[in-house]
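Structure, as structure tokens:
The values are calculated or read from the model by the stated rules, or taken from the named source; none is laboratory data. All values reported here derive from a predicted model rather than from experimental measurement. With ideal geometry, Cβ positions are generated from the backbone for all residues, glycine too; neighbour counts draw on all protein chains shown.
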Amino acid sequence: MRQPNQCARRSRGCDSSNSTEPPCRTCSASGVECPGYGKAHQPVRLRWLAPGRVLSQKRKRGNIFLDVRKREAERKTGQPDARELIMPLAWWEKAAIRDALSPSRLKLTTDAGAVFEAVEYFNTCIHPDLAPVHELGTNPHIFPLLPVHLRYTGAYPDHFRLNLVCMVLHHRVSRLKGVADTGAIVEKFHRYRGVILRSLRADISLDKRRTSNVVLGSIVNLVLADNQHGAPSWRCHLEVAQKLIEMRGGLSVIGDSPSLVNLLRSVILVGVIGNTTCPASNQTATAWHVQNLDYILRLSEQGVTPFQMCPFPLFAEIIRVNHLRARAPSGDVEDLRQEAWGILDRINTFSPESWTRTQSSAKTDRLIAAQVNQAAVTIYCVRSLQSLSVLPTTNDDSLRLRCIEQAGRLHALLGEALRSVRLKRFMLWPLVMLGVEAAHDLGVRDFVNRELPELMRHTGTSAPMQAREVLGRMWTSGWTDWDACFDRPCVFVTQTMVDLSGIPPDG
């Protein structure tokens with residue numbers, strides 16, 4: 001009987017003495033069929049490897065979101081281009097994401113794993129929706145999260161690093177609302193939120209940590225998270241953030257720190273816009289905003305899309321109207337009325353075209369945004385001050401006609417702005433102002449009712465649906481008084497997080 005060919009080639013003595021299989025222990029010990037026996041007549045050359053050495057293995061499943069981007073980039077250029085990997089997702093990529101990030105797949109089993117899964121979700125589902133904002137001008141605060149951003153994740157306290165996890169979980173809930181059961185995700189959200197609150201409470205109890213940048217940043221992100229899922233605690237956390245800023249010397253002292261610029265801009269945005277939809281007697285820091293108008297102007301000049309694309313001259317008038325409302329219950333009506341007419345005149349004489357010419361990019365989009373905000377601020381000024389009798393409600397049809405005219409203009413402009421992926425996320429507050437004027441116009445009410453749920457899905461926040469609830473109550477009741485419509489503090493902004501990457505763990 002012939003020897004197995006591999007044994008013969010390597011001058012090994014075959015231990016086979018009969019035809020009983022397996023005749024060759026060398027082949028048997030290696031787990032292969034002995035090529036010297038059996039039905040095969042052609043010798044098969046095998047390569048013997050040292051134990052533990054592997055030359056080939058089954059291909060591992062990679063990250064499907066990055067793989068599809070990488071293959072598409074390689075197809076176009078022959079090599080992957082980093083810019084291609086962060087472009088907005090195609091429809092077929094979004095379909096893959098919907099499947100891969102279904103509620104059952106979003107596990108978040110450990111804190112460390114939760115952060116990295118949240119980063120992957122942000123890069124694949126949130127950042128592509130934010131990326132078009134770059135077309136308004138390069139925005140340093142919109143970027144995919146990279147390994148460099150996670151290098152020191154473990155060095156930060158839970159309240160700082162887990163904010164991203166909560167934001168991602170609620171974004172997912174908003175996207176799936178009415179489509180799939182989100183109970184498991186909501187449960188995870190509340191668990192991580194509890195961890196954040198306990199960790200933050202522990203740091204605030206320590207004198208050396210209470211006023212740190214890390215604690216201040218976490219509180220501001222908590223304000224935005226509260227707004228994202230519609231929690232009334234946003235107001236309490238905002239007042240804590242404002243108090244901490246004052247404890248550190250105020251905006252004039254800490255306002256020039258590069259690592260805090262984004263944080264302070266968010267505090268001002270939420271405070272000012274939140275005051276517009278609060279009862280006049282329940283506003284916060286209106287005098288503080290007026291006193292810091294010069295600093296707020298500097299902030300607006302540093303940002304590409306500051307204060308939800310509202311031009312600073314109009315944003316300043318919102319601040320003045322808020323302060324006027326706060327003083328109305330105890331102030332002299334005639335003095336306040338003269339001040340109100342001055343505000344209204346400045347809003348009316350503001351030129352969106354002239355302001356747009358001073359901008360360096362995306363002039364068409366910026367013109368639309370300026371026109372939208374001019375109409376919305378006009379409605380806010382007239383309706384809120386009439387509610388307090390600062391502006392007359394009778395014997396002056398000109399104010400009523402002005403509101404009707406501005407509402408029609410705002411309706412047409414919002415129809416265009418909400419179709420723009422660059423402007424859409426900045427249109428919630430103007431849409432609410434239009435809703436206030438839509439009480440007697442079923443067509444406009446249908447428009448507002450239709451756009452608010454779409455805005456919720458696009459931004460991943462509950463604020464649009466909270467606005468729908470407030471406006472629906474107003475339309476049903478027939479109320480026209482501003483403070484009756486907004487009888488408790490509400491805030492209608494769509495920002496969900498602030499970039500705190502410049503704050504070190506020991507900051």
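Let me spell it out: the conditions are (1) crowded, with 23+ Cβ neighbours inside 10 Å; (2) under 21 Å from the mean Cα position of the chain (by Cα), and Val261 meets all of them except one. Which number is the exception?
Condition (1) is where Val261 drops out.
Any chance region 291-312 includes a residue that's in the same structural domain as Ile379 (by TED's automatic domain parsing) and more than 29 Å from Glu135 (Cα to Cα)?
yes
May I ask you to verify whether Ser330 is under 30 Å from Ser259 (Cβ atoms) and surrounded by fewer than 17 Cβ atoms within 10 Å (Cβ to Cβ)? If you could, list the steps in order and put the result at the bottom.
Values: under 30 Å from Ser259 (Cβ atoms): no; surrounded by fewer than 17 Cβ atoms within 10 Å (Cβ to Cβ): yes.
For Ser330, the condition - under 30 Å from Ser259 (Cβ atoms) and surrounded by fewer than 17 Cβ atoms within 10 Å (Cβ to Cβ) - is not met.
Quick one: count up the residues across region 143-164 that are outside any loop (DSSP other than H, G, I, E, B), surrounded by 16 or more Cβ atoms within 10 Å (Cβ to Cβ) and of a type in the set (A, V, I, L, M).
1
Filtering region 264-310 down to residues that are crowded, with 18+ Cβ neighbours inside 10 Å, of a type in the set (Val, Ile, Thr) and in a helix (DSSP H, G or I), which residue is farthest from the chain's Cα centre (by Cα)?
Among those residues, the one meeting the criterion is Thr286.
For the subset of region 355-370 comprising residues that are at pLDDT below 95 and part of a helix (DSSP H, G or I), which member is surrounded by the most Cβ atoms within 10 Å (Cβ to Cβ)?
Here is the first cut: in region 355-370, the residues at pLDDT below 95 are 355-366.
Checking which are part of a helix (DSSP H, G or I) leaves us with 355-357, 363-366.
Values: Trp355: 17, Thr356: 19, Arg357: 11, Lys363: 13, Thr364: 10, Asp365: 22, Arg366: 24.
Residue satisfying both the conditions and the ranking: Arg366.
Can you find, within region 182-229, the residue that is surrounded by the most Cβ atoms within 10 Å (Cβ to Cβ) among those that are modelled with pLDDT of 90 or more and not in a helix (DSSP H, G or I)?
Ser212
Restricting attention to region 165-181, and to residues there that are free of Cβ contacts under 8 Å to residues at least 60 places away in the same chain and surrounded by 14 or more Cβ atoms within 10 Å (Cβ to Cβ), which single residue is nearest to Arg235 (Cα to Cα)? Full working, then the answer.
The first filter runs over region 165-181 and keeps only residues free of Cβ contacts under 8 Å to residues at least 60 places away in the same chain, leaving 165-166, 168, 173, 178-179.
Checking the rest, the ones that are also surrounded by 14 or more Cβ atoms within 10 Å (Cβ to Cβ) come to 165-166, 168, 173.
Values: Val165: 22, Cys166: 19, Val168: 22, Val173: 23 Å.
Restricting to residues being free of Cβ contacts under 8 Å to residues at least 60 places away in the same chain and surrounded by 14 or more Cβ atoms within 10 Å (Cβ to Cβ), the top hit is Cys166.
If I go through region 311-324 residue by residue, how many of them are aliphatic (A, V, I, L, M) and not in a helix (DSSP H, G or I)?
The number of residues fulfilling the criteria is 0.
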